[in-house]
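The values are calculated or read from the model by the stated rules, or taken from the named source; none is laboratory data. None of these values were measured; they are calculated from a predicted model. Note that each Cβ is placed from the backbone with ideal geometry, even for glycine, and that neighbours are counted across all protein chains shown. These accessible areas exclude ligands, DNA and RNA; they are computed on the full protein's heavy atoms, side chains included. Shrake-Rupley method; radii C 1.70, N 1.55, O 1.52, S 1.80 Å.
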Amino acid sequence: MDQLKPHDPTMMRQTPFHSRVARACEINQWDDWKGYTTPLAYTEVEQEYFAIRNSTGVFDLSPMTKYHIGGPDAEAFLNRVMTRDIRKLKPGRVGYTVWCNDAGQVMDDGTLFNFGDNNYRLCSYTRVMDWLQWSALGFDVSIEDVTADVAALAVQGPTSCAVLKAMGCAGLEGLKPFGLTHFDFEGVELMVSRTGFTGDLGYELWIVPEQAELLWDRLFAAGKDLGIRATGGEALELARIEAGFLQAGVDFVPAEEVVRQGRSRSPFELGLDWLVDLDKGVFNGRRALLEERMHGSRYRFVFLDVEGNKPAEHSFILKGRKEIGIVTSAAWCPTAKSNIAFAQIDARYGKAGEELIAEVYYQRELAWTRVLAKCRVLRSPVFNSPKRRQTPAPDY
Amino acid sequence: MTDAHYDAVVVGGGHNGLVCGAYLAKAGRKVLLLERRAEVGGAAVTREFADGFSVSACAQWLQQLHPDVESDLKLSRHGLELAARDLDTIALAQDGAHVTIAANGVSGAALSDRDAERYARFSRQMFKFARLLARVSERRVPQLTEAGWRDRIAMLSLALGMKRLGRADMRDLLRIGLINIYDVMEEHFDNDLLKGALSLDATLGTHLGPRSPNSVISFLHRRMGEVFGYRGPALVRGGMGGLSQALAAAASACGVEIRTEVQVTSIDAAADGVSGITLAGGERIRAPIVVSNADPKTTFEILLGLANVEAGVARRVHNYRMQGNVAKLHLALDGLPDFVGLDESQLGQRLVVAPGMDAMELAFNAAKYGEYSPNPVLDISIPSLSDDSLAPAGSHVLTALVQYAPYSLKAGWETGKEAFTQLAIETLKRYAPNLRETIIASELLTPVDLEREFHLGGGHWHHGEIGLDQLLVARPFPGASRYAMPVPGLFLCGAGAHPGGGVMGLAGRNAAREIIAHKPGKSRT
Ligand SMILES: Cc1cc2nc3c(=O)[nH]c(=O)nc-3n(C[C@H](O)[C@H](O)[C@H](O)COP(=O)(O)OP(=O)(O)OC[C@H]3O[C@@H](n4cnc5c(N)ncnc54)[C@H](O)[C@@H]3O)c2cc1C
């Protein structure tokens, strides 16, 4: 359960895995994720990252905001909230989705699980209860925040399927990407979805909080010889940049949290055109997005391959000498061996292959260095493992 | 499916729907108007509530009908006739020391010369302010962003109007616009009856007490009638329905097809706009434009369905304030009651019971908490004195707007109604002691009855509160203030649209103009 201790002076919540996480977190580097104590790193970021890429990394996902959405109009309701056509998301499937306010600006992205019979789970970065409630006017739906009622682990990497099978998830290799399935785990239901934030083979496990610790123990026991390792936020950050995934609050400001006019972004401006279905009927932001389609977007989202190995964090992007945009996420990506940046630039620029310049600043022993690093607009993310799509999932 | 190829379907035949339909047809559009009730007129109708006794069922005073509507639609040729006009308002005192507010000034036994003088000045200033509001009301609200040339001209003329006020008046307008009528009255007058009667004009038909913000804007809203040529309230011959019948005749003459006793159950729309309407019984009628004369909540929540709009719009509709606070009392009398200190010619004027602002504020306090006060305020008419078509010879009808009667009465109107009726009659009796003996039939319409019988959501006079947050660019809500709603092809033409309620006709006419200027496929003109 939600273990908010009344005497905890930090007032931070702990996840259902906390006893195990705390034991594994050797270097005591903690972060605050929506009010929960979560580790930035357990031991060594590089090792954790390589576990994700070469064996199996386990990430405590419990603080992720989760809503249960049910009732006769659940599908219609979600279809009005989301920019993509939710009617195409079949029972037993999970979909990546974004949603907008009426101005067509992205409020958040998340994953939507269709459990069938108008029962859904929405996982998001922001807390959006108020928006969901407003959007529910005129629909017969129930919306419940189940964040604290569901413990979740991401189990990601090439050996992840093997680990889970060793733990007892027989037949898991048959699960298709974005599919979900259930197993019995000590008398309770363990839900496994083939989803993740790393761009590789990977799963997410969902269980009642009471069995969380036991699940952790079994999982690590099963993965002992398969290179399992707990991974913190920093390793995951590297993996998601490599795989080209956006992070709300980093790569865009959730539209309803924006204070200054013009700081939010539309899905088109975030490169999420494929998630927008203007023909499916009324949805929040549709009118504004139609206008944007007609008149053009302000920004373009691009992946950049930056020269050198200094991450172009928060850099300005130049075309010649003209400033045309900024970097929102950047990292040296070890597997792809490239220096990647996500940038939002003036929509007139950024065709694939275009050469731009990143103005990179970094500091060594109090001295700042400025580098004008050449960069090239990429067509797609640099890490794109075929294992991510392979079914049956590869074994080890 | 009827495929008669209408250019526009008007949902509702209230006076604004009729006006809108008539202007559209005059401009060559093929228009079908659908009214749920057996007769058109909405809240501007005549009703026989007892054998041989008829009254104006909701609106009783004609005081704001725009002269252009009257002349454009040739209403007198179509039968509009006034039984009385430029009536005085008499603020009743139990001891007979009444105060009379007439077009040429105020008078009364207990009224000081100072009050009389100040009223003249006050009145002139209010006229100037109301004129400004009237100018804005005569056209669609100019928008500050995305302004086209029509908006620029409108803004310019508004700015000029402000400038013409002069510095002192302009400062005063900005100042009083944000305070309340109570304070404004206290600044000007001493006499309680005068202050009470004027405060009644500031609060009638709204959820406002004299001390509420927005009461000054509501006062000016009513005073627009003066700008439109009414030097006092008027009575339509045959009751308010006389106006609606004339409008219906004018609309028909222009080519509007009117069907009554047809309930629209849905405005049919897909993401790209409206396609028509569906009637109870399943008949569907297609049209590229649907104009709703129903109130905004009914239009969006019931007819269109909130699922057909984006969440921000749904939220604004949900938050729209639209709970009525006025009941209507109808009495059939077998003789003329004696009002203390009034002769027969005075009895034919507008009579008000609003003995003071504090009493009114106390009455409003009760309404805030879902109760009614033991001392309601009343706006009374005995129209049979100037119109013998309403009651048998020697008999009379008395109608009264009774305030405050909260829509959501805590005790429920099923139980509250009879007691409230008696309370209203008892209140009248204080001024007309023999009233009860003359009553042969009575009827009270609570806001719940008004909603049920006249399909006025919340039983609200204006299809939604009058207040700065729900007026002008914000009427009925931001993003929907220029008749074109956030669903392409859907327009609003009733009291819920700019410039609000009252039998005025401007919402209907402005909406028609907007539709005529509208280019299909362009939702934001
Ligand atoms: C008790 C009371 C007293 C008033 N007194 C005065 C007064 O003295 N002077 C004054 O100027 N104003 C007065 N008013 C205000 C005035 O009556 C209204 O503001 C005005 O009549 C509104 O006109 P409208 O055409 O906009 O809407 P309405 O008159 O409300 O017309 C709307 C029409 O739409 C119809 N409709 C609704 N839904 C459907 C549907 N689904 N299908 C088909 N038809 C539908 C309704 O039946 C109605 O006929 C009073 C109001 C009330 C309630």
Original post:
Counting Lys and Arg as +1 and Asp and Glu as -1, each charge on the Cβ, what is the dipole of the range B:106-227 about the Cα centre in debye, to the nearest 20?
Top reply: 680 debye
Original post:
Relative to the isolated chain, which residues of the range B:309-334 have their accessible area cut by 50 Å² or more in the presence of all protein chains (1.4 Å probe, heavy atoms, no ligands or nucleic acids)?
Top reply: B:Glu310, B:Ala311, B:Arg315
Subject >> Bridge type composition, chain B - antiparallel percent by DSSP, nearest 5 >> reply: 70 percent
**OP:** Find, among the trypsin sites (Lys or Arg not before Pro) in the range B:47-94, those assigned to loop by DSSP (not H, G, I, E, B) with at most 15 other beta-carbon atoms within 10 angstrom.
**Re:** B:Lys74, B:Arg77
Subject >> In the range A:176-226, GluC sites (Glu not before Pro) in a DSSP loop with at most 14 other beta-carbon atoms within 10 Å >> reply: A:Glu186
Original post:
Can you give the % of DSSP beta bridges in the range A:298-379 that are antiparallel, to the nearest 5?
Top reply: 100 percent
Original post:
How would A:Val45, B:Val11, A:Val253 rank on accessible area, largest to smallest, probe 1.4 Å?
Top reply: A:Val253, A:Val45, B:Val11
**OP:** Set Lys and Arg Cβ to +1 and Asp and Glu Cβ to -1, take the dipole of the range B:106-227 about its Cα centre, and tell me which of B:Ile153, B:Pro213, B:Pro142 lies farthest positive.
**Re:** B:Ile153
Original post:
Going by Cβ distance under 4.7 Å, what cysteines of the protein assembly as shown have no possible disulfide partner?
Top reply: A:Cys25, A:Cys100, A:Cys123, A:Cys161, A:Cys169, A:Cys333, A:Cys375, B:Cys58, B:Cys254
**OP:** Pick out, from B:Ala59, A:Gln29, B:Tyr372, the residue whose Cα sits farthest towards the positive end of the charge dipole of the protein assembly as shown, with +1 on the Cβ of Lys and Arg and -1 on the Cβ of Asp and Glu.
**Re:** A:Gln29
Original post:
Can you pull the percent of the range A:1-125's accessible area that's carbon plus sulfur, 1.4 Å probe, other chains left in place?
Top reply: 51 percent
Original post:
Label-point separation (nm) for A:Arg298 and B:His318, each offset 7 Å from Cα along Cα-to-Cβ?
Top reply: 2.8 nm
**OP:** Pull up all non-local amide H partners of B:Thr265: gap of 5 or more, or a different chain, and H-to-H distance under 5 Å with H placed in the peptide plane.
**Re:** B:Thr278, B:Leu279, B:Ala280
Original post:
Out of residues 5 or more away from A:Glu354 or on other chains, whose amide H comes under 5 Å of its own, with H placed 1.01 Å from N in the peptide plane?
Top reply: A:Val377
Original post:
Applying the Karplus parametrisation 6.51 cos²θ - 1.76 cosθ + 1.60 with θ = phi - 60° to the phi angles of the range A:297-314, what ³J(HN,Hα) value in whole Hz is obtained for each residue in order, glycine and proline being reported as x?
Top reply: 8, 7, 10, 10, 9, 9, 8, 10, 9, 9, 4, x, 10, 8, x, 7, 4, 6
Subject >> Accessible area that becomes buried as A packs against B, both chains, 1.4 Å probe, Å², nearest 100 >> reply: 1600 Å²
Subject >> Positive-end residue of A:Phe77, B:Leu132, B:Ala116, charge dipole of the protein assembly as shown with Cβ unit charges >> reply: B:Leu132
Subject >> Extension gain, B:Asp469 back to B:Leu178 (0.36 nm per residue minus Cα-Cα distance, nm) >> reply: 103.6 nm
**OP:** Any chance you could check the range A:80-119 for residues losing 20 Å² or more of accessible area when the partner protein chains are in, compared with the chain on its own (1.4 Å probe)?
**Re:** A:Arg80, A:Asp102
Subject >> Pairs from A:Lys34/A:Lys387; A:Lys90/A:Lys176; A:Lys34/A:Lys90; A:Lys34/A:Lys88; A:Lys322/A:Lys374 whose Cα-Cα separation, in the structure shown, is over 21 Å >> reply: A:Lys34/A:Lys387; A:Lys34/A:Lys90; A:Lys34/A:Lys88
Original post:
With each pseudo-label sitting 7 Å past Cα toward Cβ, what's the B:Ala271-B:Gln143 distance in nm, one decimal?
Top reply: 2.2 nm
Original post:
Which of the trypsin sites (Lys or Arg not before Pro) across the range B:156-256 are loop residues per DSSP, with 15 or fewer other Cβ within 10 Å?
Top reply: B:Arg231
Original post:
For the range A:156-244, what % of the accessible area comes from carbon and sulfur atoms, probe 1.4 Å?
Top reply: 50 percent
Original post:
In chain B, what percent of the accessible surface is made up of carbon and sulfur (1.4 Å probe, ligands and nucleic acids excluded)?
Top reply: 51 percent
**OP:** May I ask you to give the solvent-accessible area per residue for the protein assembly as shown, in square angstrom, as obtained with a 1.4 angstrom probe?
**Re:** 40 Å²
**OP:** Using protein chains only (no ligands, no nucleic acids) and a 1.4 Å probe, work out which residues of the range A:263-301 have their accessible area cut by at least 50 Å² relative to the chain alone.
**Re:** A:Val282, A:Arg286, A:Arg287
